[in-house]
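K.L.:
A single structure is presented below for examination.
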Protein chains: 2
Amino acid sequence: MKDMSMIIPTYEDMLAAHERIKPHIRRTPVMQSDYLNELTGAQLFFKCENFQEPGAFKVRGGSNAVFGLSDEEAQRGVCTHSSGNHALCLSYAAGRRGIPCNVVMPRTAPQAKKDAVRRYGGTITECEPSTTSREAVFAEVQARTGGEFVHPYNDPRVIAGQGTCSKEFMEQTDGLDMMVAPIGGGGMISGTCLTLSTLAPEVSIIAAEPEQADDAYRSFKAGHIIADDAPETIADGLKVPLKDLTWHFVSNHVSDIMTASEQEIIDAMKITWKYLRIVMEPSCAVPLAVILKNKEAFAGKRVGVVVTGGNVDLDKLPWMAQ
Amino acid sequence: MKDMSMIIPTYEDMLAAHERIKPHIRRTPVMQSDYLNELTGAQLFFKCENFQEPGAFKVRGGSNAVFGLSDEEAQRGVCTHSSGNHALCLSYAAGRRGIPCNVVMPRTAPQAKKDAVRRYGGTITECEPSTTSREAVFAEVQARTGGEFVHPYNDPRVIAGQGTCSKEFMEQTDGLDMMVAPIGGGGMISGTCLTLSTLAPEVSIIAAEPEQADDAYRSFKAGHIIADDAPETIADGLKVPLKDLTWHFVSNHVSDIMTASEQEIIDAMKITWKYLRIVMEPSCAVPLAVILKNKEAFAGKRVGVVVTGGNVDLDKLPWMAQ
């Protein structure tokens, strides 16, 4: 089995990914709000990946991996570990190809995400909400099923797939000055770097991270990967650490990493629901939270924001729990 | 002052309205969900008018009225009564033209809608939540301000404006078999009839109404307008009765009116938030509720659904209150 975590994907890989996945993804709309522009002083463009059928940009990377397999490889199915959206998007892609998908998910993952995995035909094995537990349980599942491992982000097929989002985003706007996306393991940010460093190197790439899971921020400042085992944040998609491939892109192409508190994330989430009128996850609110917190850095700029996913438990909204 | 309630708008009025309002409205996207298609057995297309800047299709009719005024008429401003979205959309349009807007709203209208009226510069006078009270308070406000009355639906300028939504909808889809929209006073349905009876007379037009405010349904069956004074439903945008102009369109062009219970409306609303991942009002959920309730009538058909608005109190979601 090839070690996928050692292969750096190229711009051509991203272009090939886009052709491969087009029948399986949506070209999601870019939305604007005059009110949010007034509030921030920037001109904001929101790429609504929450409108993908399975509700997240991760359908891009997952579809690229699944539909890039040979028939022989595909027969054994795929497997992964994920806090949620990669699990359900990989299940969705595997379901479209008609192959098995085994996923390891923390028992604390949102119910909406677990339900979706099962709806798409995926099989869940639960683990504790820590990197240690996740990796141990996954090793057992992979050995038992023999499926192709599609890492949620430290995989060139996945990063090339995520990069297709920025390609569409640039086609849908008349140029941008900055692009802001949330950072957890760094898959979306790496895909963004991959695409923009060739297509539009003038665009600054800003990663947005919860203060309470700021390992990427600390890695960026320290110049090497720092990984926390079990950070706690409402932005459930952003708890995982950087890995070699994503660190390559983050350390070479990201202009800055900015952080926001839990309350700032919740406030930004509610503002987006109210004024853009879209359902999105806490993780997707981190970019607007850092823009509102650092207005001077974005004022007067054309800023792209990647709305990464929309799979939330509607019965457990963060501003109702308070 | 002309009596606007006696003038039936024409297809040409609708075309002129579209040219007039284009700089002030969005060409909202049409969304689909494979899951909702599976669930209903129909092919559903959702026109997302909740994504208008002020959050509702009523910005079309309001903008057509405001920007169609002569400079002399405009000077005195506009006034209206409304359960919410017409009030805030008229305020929005008046704000863009820089003229005063006075609105009478029931004191029970959602806080989100009252806040938006004030944000756009409108002035609110509150009334009791009944047609009787609304009309009495409004007569006083109109006499005092002298503004041009823009009725929320019984006005040819408003109906011609709302009709532009169906024009875009037909341009954005490859033909439809049926179109379903909520019915309260009948403004959106009348605009839909106005446009489709010329542009696409083969499309069946279905109105969807809450069982608890089913005056349009009973009017349709009886063959004359039946008006309730103060019906109670979670679909706060649909409590008002038909009037002469909207009855003209409903009685001549609507194929059927279907109703749904409060629980069916709430269930359809939650399903839409979950699978389309959009924030929309209870009123907009009535079409999906009647489709789910009458699957055989829609199965195998290409069905357009107008998502009329997205101004909800995020702190008071109906499934949390239960």
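K.L.:
Suppose only helical runs count, i.e. DSSP H with n ≥ 4. What mean residue ellipticity at 222 nm does that imply for the protein assembly as shown under -39500 (n - 2.57) per run, divided by all residues and rounded to the nearest 500 deg cm²/dmol?
P.N.:
Values: 30 runs with 304 residues, N = 644.
Calculated at 222 nm, the ellipticity per residue is -14000 deg cm²/dmol.
K.L.:
For the ranges A:37-44, B:298-305, A:83-90, what's the packing order if you count other beta-carbon atoms within 10 Å of each residue, average per peptide, and put the highest first?
P.N.:
A:83-90, B:298-305, A:37-44
K.L.:
Search the structure for amide H atoms under 5 Å from the amide H of residue B:127, placed 1.01 Å from N in the peptide plane, and list their residues when 5 or more places away or on another chain.
P.N.:
HN-HN under 5 Å from residue B:127: B:105, B:107.
K.L.:
On to the next question. Starting from the Cα gyration tensor of the range B:196-322, take the square roots of the eigenvalues, sort them a ≥ b ≥ c, and report rounded, prolate or oblate (rounded when a/c is under 1.5, otherwise prolate if a/b is larger than b/c, else oblate).
P.N.:
oblate
K.L.:
For a label point 7 angstrom out from the Cα of residue B:149 toward its Cβ, which stretches of the range B:82-98 have the backbone nitrogen within less than 13 Å?
P.N.:
Label zone hits: B:82.
K.L.:
Roughly what would the spin-label model give for residue A:76 and residue B:76, points 7 Å off Cα along C-beta, in nm?
P.N.:
Each label point is offset 7 Å from its Cα along the Cβ direction, giving 8.1 nm.
K.L.:
Now for a separate question. Just subtract the alpha-carbon distance of residue A:232 and residue A:139 from 0.36 nm times their residue separation and send over the number in nm, one decimal.
P.N.:
Extra length available between residue A:232 and residue A:139 comes to 31.1 nm.
K.L.:
Still on this model: Once you've got the Cα coordinates, tell me which of A:301/B:47; B:167/B:295; A:221/A:270; A:47/A:270 are over 24 Å apart.
P.N.:
Pairs exceeding 24 Å: A:301/B:47; B:167/B:295; A:221/A:270.
K.L.:
Compute the label-point distances linking residue B:221 to its equivalents in the other copies; points lie 7 Å from Cα along Cα→Cβ; give nm, one decimal, shortest first.
P.N.:
Sorted ascending, the copy-to-copy spacings read 6.9 nm.
K.L.:
Which net charge results for the neighbourhood of residue A:166, defined as the other residues with beta-carbon distances under 12 angstrom from its beta-carbon, given Lys and Arg at +1 and Asp and Glu at -1? Please list the in-between numbers first.
P.N.:
Values: positive: A:47, A:60, A:167; negative: A:49, A:168, A:171.
Once all neighbours under 12 Å are counted, the net charge is 0.
K.L.:
Report, as an integer, the average count of C-beta atoms from other chains found within 10 Å of each Cβ along A:134-142. Mind showing how you got there, number by number?
P.N.:
On the way: counts 0, 0, 0, 0, 0, 0, 0, 0, 0.
The per-residue average across the peptide is 0.
K.L.:
On to the next question. How far apart, in nm, are two points set 7 Å out from the Cα along the Cα-to-Cβ line at residue B:172 and at residue A:171?
P.N.:
For residue B:172 paired with residue A:171, the spin-label model returns 2.0 nm.
K.L.:
What residue of chain B has the nearest C-beta to the axis that moves B onto A, and what is that distance in Å, given as a whole number?
P.N.:
Residue nearest the B-to-A axis, with distance in whole Å: B:29, 2.
K.L.:
Show which aspartates and glutamates lie in cross-link reach of residue B:293 when reach means a straight Cα distance below 13 angstrom and same-chain residues fewer than eight apart are skipped.
P.N.:
B:209, B:211, B:262, B:264, B:267
K.L.:
Using a Debye calculation, one point per C-alpha and no hydration shell, please list log10 I(q)/I(0) for the range A:46-195 at q = 0.09, 0.12 Å⁻¹ in order.
P.N.:
With one equal scatterer per Cα and no solvent, log10 I(q)/I(0) is -0.27, -0.47.
K.L.:
Between the range B:96-134 and the range A:107-150, what is the separation of their alpha carbon centroids in Å?
P.N.:
Cα centroid of the range B:96-134 versus Cα centroid of the range A:107-150: 51 Å apart.
K.L.:
Another question about this same structure. Take each of the peptides A:310-318, B:277-285, average the number of other beta-carbon atoms within 10 Å over its residues, and list them starting from the highest.
P.N.:
Put in order of decreasing packing, that is B:277-285, A:310-318.
K.L.:
Work out the mean other chain Cβ neighbour count within 10 Å for the residues of B:47-56 and drop it here as an integer.
P.N.:
3
K.L.:
Please report, for residue A:34, the nm distances (one decimal) from its label point, 7 Å out from Cα along the beta-carbon direction, to the equivalent points in the remaining copies, shortest first.
P.N.:
Ordered by distance, the counterparts are at 3.8 nm.
K.L.:
Largest first and in whole Å, what are the equivalent-ellipsoid semi-axes of chain B based on the Cα gyration tensor, each being the root of 5 times an eigenvalue?
P.N.:
28, 21, 19
K.L.:
Where the centre of each part is set by its Cα atoms, how far does the range B:24-84 sit from the range A:1-67, in angstrom?
P.N.:
29
K.L.:
Another question, then. If the convex hull of the alpha-carbon atoms of the protein assembly as shown is projected onto planes in all directions, what is the mean projected area in square nanometres? Provide the component values of the computation, followed by the final result.
P.N.:
Working: hull surface 109.6 nm².
Here the figure is 27.4 nm², rounded to one decimal.
K.L.:
Taking the 0 to 90 degree range and rounding to the nearest ten, how far is the long axis of helix B:244-253 tilted relative to the main principal axis of chain B, both from C-alpha atoms?
P.N.:
20
K.L.:
Compute the signed sum of charges (Lys and Arg +1, Asp and Glu -1) over the other residues within less than 12 Å, Cβ to Cβ, of residue B:147.
P.N.:
Overall, the nearby charge balance is 0.
K.L.:
Taking the label point as lying 7 angstrom from Cα along the Cα-to-Cβ axis, what are the distances from residue A:300 to the corresponding position in the remaining copies, in ascending order and in nanometres?
P.N.:
Spelled out, the distances from residue A:300's label point are 6.2 nm.
K.L.:
If each of residue A:252 and residue A:97 carries a label point 7 Å out from its Cα toward its Cβ, how far apart are those two points in nm?
P.N.:
2.6
K.L.:
Residues with amide H under 5 Å of residue B:77's amide H, sequence separation 5 or more or different chain, H placed in the peptide plane at 1.01 Å from N; which?
P.N.:
Here the answer is B:148, since their amide H atoms fall under 5 Å of that of residue B:77.
K.L.:
Give me the inter-chain shielding for A:267-279: mean count of other chain Cβ atoms within 10 Å, whole number please.
P.N.:
Going residue by residue through A:267-279 and averaging, the value is 5.
Quick note: the coordinates plus some simple rules give every number you see, no bench work behind them. Small disclaimer: the values here were computed from a predicted structure and weren't measured. Note: ideal-geometry Cβ built from the backbone for every residue, glycine included; neighbour counts use all protein chains shown.
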